[in-house]
Amino acid sequence: MAEDNEPLPIVNGVVSNFAIELKLLLPPLLFLSSLVALFRFFPSSARNLTACTSFPPPSSAVDLLTTTASPPPAANDKLQHTVVEGGVIKRNFNCYGSAAYSFILMSAYRGGGDTFAVIGLSSKPLHLFSNPTYLCQWIPHNTTEIHQNITVAGHKIFPDWGYGRVYTVVVVNCTFPFPVGHDGTGGRLLIHITATGSGDSNLNLTDTFEALTESPGSLNTSRFDSPPKYEYLYCGSPLYGNLSPQRIREWVAYHVNFFGRSSHFVLHDAGGVHREVMKVLRPWIEKGFVTLHDVKDEERFDGYYHNQFLIVNDCLHRYRFMTRWMFFFDVDEFIFVPNKTPIKTVTDSLSEFTQFTIQQRTMSNKLCYQDDNAGKAYTRYESHKLIFDIVLVTFSNDFVVISIDSGTHHLL
């Protein structure tokens, strides 16, 4: 009997220990059951806790796993080398990733009833070794017999051609045969880019993006022919590096006084407008003389000189209907007209032109100008052309693009 009863304490001990653990687990289980029962009576807004997540609420735990986990690659995705007829080894090439974007949109502007400018960056090798095409499509919000979906070929212009790096600047001009959306009905401008198989001759992919959207009633056509707000507007190149606040203060004060009250200055911060520079600019912004754009995001894309000609062409088309004359030069350059001649006298004398450039005369580091051509007599006309790399533009109905030097300015 004693031998038969020996295992019993062991069995009783196991049951006893398991009962203790059940006692420990029972309160949490009861609490969870009560919480689930109460959860049914909560308002729908309180129950929708998944709104805080970045993916739709799964219907079950299995759905959650399938939503968050990446599917395993297919076994046949990778092309293997094979031996074909005659013992020839056929080599295959597997493609991964993407080297550069076909287009990086910065902005798009309407230039009139029938024309638009789309400004951005594109892969330089794509354009250097191939010929991608652009198609412009206008889609009215309400398509009718009068307001139709229309497509035209886009005309591409390269303002910094030859100076780009991974990316080059592209301005796409979309001109339709008749005005579109000019009556305020609104619509969308789509751009279709076809690489024509340049990256992969087996593919001829087309990328499509929405460049511009006009809501009904948003277009004000009077701005195209109304008198401009400013006589002079300055479009600045990207500001970068460790700028001197004192030099910026001197530059702004000098040119506000030079151009007068009917002037405005558009500056672009590519990382150079630090706290001390901002303190200098703040009063001018508050007085309405300066507008500052933060363009630091363009530094992500490897282009020429902080994508200078992307920025100035955006400024050109953004403000072209707000000013009579537009200036392009840098903050280490000063415009000077001798003999106290007002700048308006110079611009009035050139009113028949839509664009002209200004010659450089370098300042000496000793604050004294030494002429490289001492025997040359400068004419009065040449004395107005003082600073290199300055472009002045006045506007007509022409399509204008600012390019890299005086020999390649586009006026279309």
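For the range 260-370, report the translational diffusion coefficient in µm²/s to the nearest whole number, using Stokes-Einstein at 20 °C, 1.002 mPa s, and a Kirkwood Rh over Cα pairs.
Numbers: Rh = 16.7 Å.
Estimated diffusion coefficient is 128 µm²/s.
Which entries of K124/K229; K156/K296; K156/K287; K229/K340; K296/K340 have Cα-Cα distances beyond 30 Å here? Walk me through the intermediate numbers first.
On the way: K124/K229 37 Å; K156/K296 25 Å; K156/K287 39 Å; K229/K340 26 Å; K296/K340 39 Å.
Violating the 30 Å Cα-Cα cut-off are K124/K229; K156/K287; K296/K340.
At 1.4 Å probe size, put R247, R361 in order of accessible surface, largest to smallest. Kindly include the intermediate steps, with their values, before the conclusion.
Values: R247 140, R361 75 Å².
Putting R247, R361 in descending order of accessible area: R247, R361.
With an 8 Å cut-off on Cα pairs and a minimum separation of 6 or more residues, tell me the relative contact order of the range 96-240 in percent. Don't skip to the answer; put the middle values down first.
Working: 278 pairs, mean separation 36.4, N = 145.
Contact order relative to length: 25 percent.
I need the peptides 345-354, 260-269 ranked by packing, meaning the mean over residues of other C-beta atoms within 10 angstrom, with the highest value on top.
Packing order, densest peptide first, comes out as 260-269, 345-354.
Over the range 103-222, average the accessible area per residue using a 1.4 Å probe and give it in Å², no decimals. Write down the numbers at each step before the final one.
Numbers: 5580 Å² over 120 residues.
Averaged over the residues of the range 103-222, the accessible area is 46 Å².
Based on the inverse mean of 1/r over its pairs of different Cα atoms, what is the Kirkwood hydrodynamic radius of the range 103-222, in Å? Before the final figure, lay out each step's value.
Details: mean 1/r = 0.0662 Å⁻¹.
In the range 103-222 this quantity evaluates to 15.1 Å.
Ordering S98, S237 by accessible area with a probe of 1.4 Å, largest first, what comes out?
S98, S237
State, in angstrom, two size descriptors of the range 161-270 derived from its alpha carbons: Rg to one decimal place and Dmax to the nearest whole number.
21.0, 61
Report, to two decimal places, the Cα Rg of the range 113-173 normalised by 2.2 N^0.38 Å (N = number of residues).
On the way: Rg = 14.7 Å, N = 61, 2.2 N^0.38 = 10.5 Å.
Here the answer is 1.40, to two decimals.
For a bin width of 5 Å, list the pair-distance distribution of the range 223-270 built from all Cα-Cα distances, rounded to whole %.
5, 17, 22, 24, 15, 9, 5, 3, 0
The values are calculated or read from the model by the stated rules, or taken from the named source; none is laboratory data. Only a predicted model underlies this, so the values are computations on that prediction, with no experimental measurement involved. All Cβ positions, glycine included, derive from the backbone under ideal geometry; neighbour counts span all protein chains shown. Ligands, DNA and RNA are excluded from the accessible area calculation, which covers all protein heavy atoms including side chains. Shrake-Rupley method; radii C 1.70, N 1.55, O 1.52, S 1.80 Å.
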